[in-house]
Every structure is written in C-alpha cells, then in structure tokens.
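Read through the structure below, which is laid out as structure tokens, and then see the notes.
The values are calculated or read from the model by the stated rules, or taken from the named source; none is laboratory data. None of these values were measured; they are calculated from a predicted model. In this analysis, Cβ positions are derived from the backbone assuming ideal geometry, glycine residues included, and neighbour counts consider all displayed protein chains. Surface areas here come from the heavy atoms of the whole protein model, side chains and all, with no ligands, DNA or RNA. Shrake-Rupley method; radii C 1.70, N 1.55, O 1.52, S 1.80 Å.
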Amino acid sequence: MPNAKFHYSLSEISSVISGQSSNFANNPFIDEIQFDSRKTPLNQNSTLFFALKGSQRDGHLYISEAYKKGIRSFIISSGFDEKQYAEANFIIVENTLSALQKLAKYHRQQVNAPIVAITGSNGKTIIKEWLYHLLHSDLQITRSPKSYNSQIGVALSLKLLDADTELGIIEAGISKVGEMQNLQAMIFPQFGILGHIGDAHQANFESNEQKLREKLQLFKQSLQLVHKYDTWINAIIKEELPTIESITWGEDKNADICIISINTKNNQHTIIEYSYQNKIASIKIPFTSPVAIENAMYVLAFVLSYADSAYFNAAKFQSLTNVSMRLELKSARFNSILINDAYNSDLYAVEQALDFLNEQAGIKKKVVIISDIYQSLSDVQLYSKLGLLLNKAKIDVLIGIGSVIKSWQEEFDGIQKIVFYCSTQEFISDFKITQLADSAILLKGARNFQFEKIAHILENRHHSTRLEVNLSAMISNFNAYRALLKPNTKIMVMVKAYSYGSGTIEISRVLEYQKLDFLAVAYAVEGIELKNAGISTPIMVMNPAPEDFNQIIENELMPEIYSISILKLFTEKLKEYGLRNYPVHLKLDTGMSRLGFSATDLSQLADLVMKQNQVRVVSIFSHLASADDSGDDDFSRQQIALFNQLSNQIESILGYQTIKHILNSTGIERFPDAQFDMVRLGIGLYGANAATELNLQNISSLKTIISQIKHLKAGESIGYNRRGLMKTEGRIATIPIGYADGLNRLLSNGKGSVWINGQEARIIGTICMDMTMVDITNIEAEEGDEVEIFGQYQSVFELARLTNTIAYEVLTSISPRVKRVYFYE
C-alpha cells in the first residue's frame, strides 16, 4: 500500500488531478486540505488550499488571506499574478471541486478496507452512528464526521481512511440529478444501505421515483444492499441494479428479516421480534418512535448480514443513544456561555466546535471540557493533534476527563491552565463552577462520559419555554441573498430589536465570521452591547439621540445623520472631543416620509458640510416604502431615481465617493439593478420575508413543554372568567407560556393552536400572563412532552395572520425571559 494515511507530495497530487503545475517553490508533502481561508492551518507547509467556486462564493478571492496565514500550496482554476505570491505553489485545473474529488478517489483506492455507503432521504447520520456504536469495539472503523455527505463532505470523509481502517462507513447525500455518480466514483462502496425514501430534499427532483433512481447509482458496483422490503422499491432496484444481492427487512413474509411483532413497553423501550434464516430472535431498543424503529431495522439488517453475523450482539442494541445532530449554544451561569457539543468527540467535530468557540467567545475566557476520544487513530497521533488544535485555538483552560487523556497531558503544555479528572462524577464533586465565571465553555464528550450532567449544572436556569435559533439556516439565508449580489456589492445586516428577537450578540458574531461589511442597530445602547462583546464590524446607529452622542463617540459607533439639527449637534460634540473626519451615514427621505434629508434640505446641507471637517460621510442611503408591493413598483422606481440624483449631488459637493444603498431584503430580489454599492439585509436573514421567492429557511422555533394534564368532565370551565368550556369529557394540558412571553392573547379561546407530538391542539380559555391551556382530548401526550408554538408545524406567518399583524411583530414580541438556544446542524 503506497500510503497508510493521507500523505502525498505536491507533485504526485498534481499528477493525480491532471493539473498544470507552475514552477514549484518546493515540493512539500501534503497532509491537510483546506478551503476556508478564515481558518489557521495546523501546519502551513503541509496544507493544500482548494479555491472552490460555488454559486455564492469564489475561493480564488480568498487566496490572499490564506497566503497571509502561511499556506503555500494552492489548487486553482484561473491564473494569478505569481509575483504577488513568490513562495507559493500553484496547480491549475479545469474545475477545483472535480480535482478535490479525484484526489479523494485516488486516496480511497490506496485503502483496501471495505466501505458501506449510506444514502436516503432521512436518517443517514443516525444509521451511521448506530452502526459505529454496535461495531467499533470489534472493528477499526473510519466514518464520516457528523453529516459530511455532500460533494465536498464525502471527499473530506474519505481523506480520513488509513491502513488501520477495517470498515469505512460513509454517508452520501444529493440534492439534484447527476450528483450521485461523482460520489459513487469516490466511495466505490462494496456494501450499501438505502434508508428511508421520503419528501425531504425533493426540490430538484420531479418525483420520488426519480430521486430513488438517482440514489441507487451509488450502488451500481456494490455487492450487497440493505433496504426495506417494499414492492415499489424492490422493482426499481431490480431494474437499476439487476445483479446486486438485496438484504431486505419488513413485515412482509418474503423479507429476509421478517418482523414478527413490535411491542412498546412503558413508552420507554421497544422489543422487536423477527425471523432471519429460519431462526426467531429479538432485539430491545431504548426508543419507541416509528422513525427510531425503522432506523434500528436498517442497522440490524446490516449487522446480521455483514461477515455472516460475526459481529452481531443483540445486547448492544439496548445501549443505543439519541444522536445529537446539532451543536448548541446556551447562556450559562456566572455570566458565561455554554457550547454543548457532547457526544461528538472525533477530531473533525472538535475542530469545528473550536472554530465556533472562537467565533462566539469575544473577550471571554475560553474553556474546553473534553473527555477521552475514541477514534481509529493511535493515541499518540490523536492526542498530539488534539494538542495542536487546542493551542491553535488559544484555549485558556483545559479540563480533561478520563484516564487516557490524562496520560497524554504533555501534549497540552501550551495551555495556561490544565486540570484532569478520572470521571465526570469526580469533576462534578470536586470542581468549583464559580471558577468558570465570564467564560466561553465548550463541552465535548464521548457518550459514556454522560456530559449531559455537566451541562445541566452549567446552564442558566430558565423556565421551560425556549426559542431555538438555527444558525445553519441563518447562514444559508445569508448566502441565498449574497448569491444575488454583484461581486463588489457590500452587505449591511440589521440586528436591531435583539436581532428581530433572535439575540443580538450571538447573531452578530456568526455574521462577523461570514465577513459582512456593516451591522446596523436602532439605538446606541444596542451598539455599545455589541462593542462590549468584542464585535469589531462597523456599526451604524439608526436613531442616534443627542444624549447618546458621548457614548457613540467613545464606542466608535457610526451615527445615522438624518436632519440639519442632528448634524449641527453632532459636529459640535465632535469639536468638544477635538475629532475630525468622524464616520457618519447620511439618510435621505425619498418617499418614506420618516427620517431623512429631503431635496429641499440639500442647499443648507451643502453649506454645513463645506464649512466643517468634523464628519466624513461613509455612506448615503434611503429606504424603499413599498418594495414588497408590485402595485407600487412605479413609486419604488421613482424613489430609486430620486435617490440616485440626490446622492450624486451630495457626492459632488463632498468631493469624494461614498457607499450608496437603498435596497432592503425584498428590494434585493425585486430591484437588482439598484444595488448601488451596498444592500441592507433584514427580515430575510431570519427567514420571515413573506414576499420572497427565494428558498429561505425558517431559523426560529418557539417551544415549551406540558407542565400538567387534567381530566375534565363535560361542562367544566377553564381559565379566567370561565371563558373556556369543555363541550365533552376530555383532557387539557397546561403549558408554561403566556402573553408575557410573547404569546398574543388574541389567540385565546380556540382561535390559536399549538402542536404536540405532531398534532394540533387548540388553545382553550384565555391565555394567561405565564400559562396557557390547550385541549389534548384526542392527542396521546404526557407531562413533559414538547410543545411547538411555531416552527416545523406552524409558521410565524400563520400566527401573524391569526393576530392581524406581521411576522416582524411576532418575532420581536418574544420576551427576553424566554431562553434562546442556538445550534448548528
């Protein structure tokens, strides 16, 4: 075998990907692949940067940044002036993504281990993690990190294969026709699992049949395929893969693994009795949902059929656990924040989580609590690389839990404070949590260390209602708008009103990492909060009050100047500080009739501007009054024309160019010719733009739990003034959310609903300040079950419609006492 791990000379890589090489400054051996210039590599000399081109970003624009961070080897698809990069090695290819996939395919060919590939509409990651749980004690397994199943993710997953790998478990996901052949060529799996086929990721497929046929291309050279026994699926597999051996499961008697019975016990576990090869057996799993049972059957079918059941152990099914699909950010005790990524402790997951820790920490002390890590690497490789990752992230405090990590403590010498404990319980008993005050804490632990106990101690105590904010969805929305912009168009994002209820600091930190140009807040106090949190992106204050001018100047915020009087007052204040050329933004009123200079103000504005040197205009902007109303398009175009005229006049007076902007979220879509120099993204970022034609994702879900269930007779009343009345005998649930949390009282008495276990539950009686009652007569539910106010089942637009308002108001009405939970999927 040429390579036991990913370790190739640059000249060999150039040959593999059919690249055109420039004159190499040297010929380094490459161990790492990178395509995100924001990350600092562990070893610059052994890192290869792929300048990937996508619909939203071009990696070639970030070569300069990567070069400044020490990377010297690049795969590109367009030429560069090599004089700027005297020490760099460039390999030119036709398509950088194809080159990455060729390299991944080549590395996979060097590894003899069998691979099982998993695809389907849902459940891929759970099936992969459960297979790992059942088999890793018997086999050296290399698996896809998290949900790395895309065109890029699969390539990065295959890079992890090495000579010690005895079984590879690789996820494969697609979003359109033609993608799977690339994944198949890279993975070349001997074994396959076709998971659930449903409506997820349906947008670019004409039908589920077309999607199924595309997914089956993954297995066109495989030996064996596990799938559910289904006459429709069976028939298509026979057409697409006539020679493959199918291992089927299902309740049909013709299934290879035939389910005899499924018995749920105490709503806590399920016993599945089945027959296989003329023998009757059973497994017990700690889940009761149909989805979990289905995923368990895929796993059972593979383990039974692989290597003649040599690694099958029914008892291990009892210890299957929930698979954490997301990294969560919550507020913690003693003015700290907690990033909970427990149960994802492989090195790729550690590196991702450390990036997020650095993104969110601001000026807080950075603390990592981590357990022993279980991965196919040797301990010396594993913990030496962990030490490099932690030192690169400039961690202040490391708390290691487990006997193995403690034995490698010399690998962490660069960290200021290091403490080790043998077990989670020892840490809980001995460590004083107050030592973690004012910290950003990352929690990373293998499942058996039960780090949920640590999370419970560290988390701030809130009542059970929470707003979940999907940061992955928010970034997707941001990029959807960015894709509509010209390459040089800047972006300002509105984070006023607590980022439309989502949380100003957390959202701003994520946006800053996405390299936006400006943030905008309504009031100085919001901007000061961001500055105190360590945000360095320029911040515009849209409603600068004269009494806040001192704080605006001292915190280097940029005020919106919208009137002659405000301009005079602010220049006088700048004179007191002895400042010149202070950055400000000029607001023009082109038809909104709100704040802003009008055309009649221009002569006086010109006179004032010419007589002073205290301010320098960074940008000139205006606001469209009806960007979302096509009936007012003529008026919007008049606004745009007037803005262009007035801003040009002002620039001629100033004698220099400024940044000009007028488009809001809807305007970005509807008036692409009016981008000027910058656009302002607001409600669209949060997925609540009713006028959009983009495929935006909802980023927020408001949830709570059932506090109590009562059985009531027909005629009994509920709530204040007995406005709720049971028409028949039934059950009600009390949930801990009320109008003080943002649940509008107009939804009382059956007008509004919540969702419990996927079913609609009508609000009964009047919504109270802190509690609400709902009718669950026909719903199977227990105390403690989750309740959705809006999210998956009910949109924020529906709540707005029911209360005769707009989505903005619904989101911004959510009380600060409602806990915000941030997560990456």
Residue pairs, Cβ under 7 Å, 6 or more apart or interchain, first in the range 478-496 and of a type in the set (S, T, N, Q), second not in a strand (DSSP E or B). List them. Asn479/Gln56; Thr489/Gln675; Thr489/Asp677
Could you list, in sequence order, all residues of the range 255-268 that are touching a residue at least 24 places away in the same chain (Cβ under 8 Å) and either open to solvent by less than 40 Å² (accessible area, probe 1.4 Å) or in contact with a Gly (Cβ under 6 Å, 6 or more places away or on another chain) (or both)? Ala255, Ile257, Ile259
If we ask which residues in the range 47-87 are charged (D, E, K, R), under 25 Å from the mean Cα position of the chain (by Cα) and more than 22 Å from Ile30 (Cα to Cα), their number turns out to be 2
Given Ser665, Ser619, which one is within 14 Å of Val584 (Cα to Cα) and among the hydroxyl-bearing types (Ser, Thr, Tyr)? Ser619
Looking at the range 630-646, which of its residues are open to solvent by 70 Å² or more (accessible area, probe 1.4 Å) and charged (D, E, K, R)? Asp634, Arg637
Against the conditions (1) open to solvent by 40 Å² or more (accessible area, probe 1.4 Å); (2) part of a loop (DSSP other than H, G, I, E, B); (3) over 28 Å from Lys486 (Cβ atoms), where does Gly70 fall short? Just the number, please. (1)
With criteria (1) in contact with a Leu (Cβ under 8 Å, 6 or more places away or on another chain); (2) within 28 Å of Gln514 (Cα to Cα); (3) surrounded by fewer than 17 Cβ atoms within 10 Å (Cβ to Cβ), Asn27 comes up short on (2)
Do the conditions hold for Leu574, that is, is it more than 38 Å from the chain's Cα centre (by Cα), farther than 30 Å from Asp634 by Cβ, surrounded by 21 or more Cβ atoms within 10 Å (Cβ to Cβ) and not acidic (Asp, Glu)? no
Identify all residues within the range 41-63 that are open to solvent by 50 Å² or more (accessible area, probe 1.4 Å), within 23 Å of Asn479 (Cβ to Cβ) and not basic (Lys, Arg); write none if there are none. Gly54, Ser55, Gln56, Leu61, Tyr62
State whether the residues of the range 416-430 include one that is closer than 22 Å to Asp346 by Cβ and under 21 Å from the mean Cα position of the chain (by Cα). no
Looking at Lys228, Lys253, which one is basic (Lys, Arg) and either over 35 Å from the mean Cα position of the chain (by Cα) or more than 30 Å from Gln210 (Cβ to Cβ) (or both)? Lys253
Using beta carbons and a limit of 8 Å, which pairs, at least six apart or on different chains, have the first residue in the range 233-254 and open to solvent by less than 20 Å² (accessible area, probe 1.4 Å) and of a type in the set (A, V, I, L, M) and the second one at pLDDT 95 or above and in a loop (DSSP other than H, G, I, E, B)? Ile237/Ile244; Leu241/Lys220; Leu241/Ser222; Ile247/Asp256
Among the strands (runs of 3 or more DSSP E) confined wholly to the range 714-825, which include 2 or more residues that are free of Cβ contacts under 8 Å to residues at least 60 places away in the same chain, open to solvent by less than 50 Å² (accessible area, probe 1.4 Å) and hydrophobic (A, V, I, L, M, F, W, C)? 730-735, 753-756, 772-775
Quick one: in the range 271-291, which of the residues that are under 32 Å from the mean Cα position of the chain (by Cα) and touching a residue at least 12 places away in the same chain (Cβ under 8 Å) is least open to solvent (accessible area, probe 1.4 Å)? Ile285
Hits in the range 114-144 (condition: polar (S, T, N, Q) and not in a helix (DSSP H, G or I)): Thr119, Ser121, Asn122, Ser137, Gln140, Thr142, Ser144
Every residue in the range 647-681 that is open to solvent by 50 Å² or more (accessible area, probe 1.4 Å), at negative phi and in contact with a Ser or Thr (Cβ under 9 Å, 6 or more places away or on another chain), please. Arg670, Asp677
Scanning the range 208-232 for residues that are touching a residue at least 40 places away in the same chain (Cβ under 8 Å) and either open to solvent by 60 Å² or more (accessible area, probe 1.4 Å) or in a helix (DSSP H, G or I) (or both), which turns out nearest to Gln190 (Cα to Cα)? Phe219
Leu103 vs. criteria within 23 Å of Gly198 (Cβ to Cβ), over 21 Å from the mean Cα position of the chain (by Cα) and not in a strand (DSSP E or B): no
Does Gln604 count as assigned to a helix (DSSP H, G or I) and either of a type outside the set (Asp, Glu) or modelled with pLDDT under 95 (or both)? yes
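Quick one: which residue in Leu443, Leu398 is of a type outside the set (Phe, Trp, Tyr), closer than 27 Å to Leu161 by Cα and crowded, with 22+ Cβ neighbours inside 10 Å?
Going through Leu443, Leu398 in turn, just one is of a type outside the set (Phe, Trp, Tyr), closer than 27 Å to Leu161 by Cα and crowded, with 22+ Cβ neighbours inside 10 Å: Leu443.
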Name the one entry in Leu161, Leu156 that is buried (at least 21 other Cβ atoms within 10 Å of the Cβ) and either touching a residue at least 12 places away in the same chain (Cβ under 8 Å) or in a loop (DSSP other than H, G, I, E, B) (or both). Leu161
Quick check, is Ala88 at pLDDT 85 or above and touching a strand residue (DSSP E or B) at 6+ places or on another chain (Cβ under 7 Å)? yes
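With respect to Thr590, is the statement that it is touching a residue at least 12 places away in the same chain (Cβ under 8 Å), open to solvent by less than 30 Å² (accessible area, probe 1.4 Å) and within 13 Å of Leu605 (Cβ to Cβ) true?
Criteria not met by Thr590.
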Could you tell me whether the range 1-21 includes any residue that is open to solvent by 50 Å² or more (accessible area, probe 1.4 Å), in contact (Cβ under 8 Å) with a residue 40 or more places away in the chain, under 24 Å from Lys515 (Cβ atoms) and not in a strand (DSSP E or B)? no
Sole residue being open to solvent by less than 20 Å² (accessible area, probe 1.4 Å), touching a Phe, Trp or Tyr at 6+ places or on another chain (Cβ under 6 Å) and at pLDDT 95 or above, chosen from Ile118, Ile127: Ile127
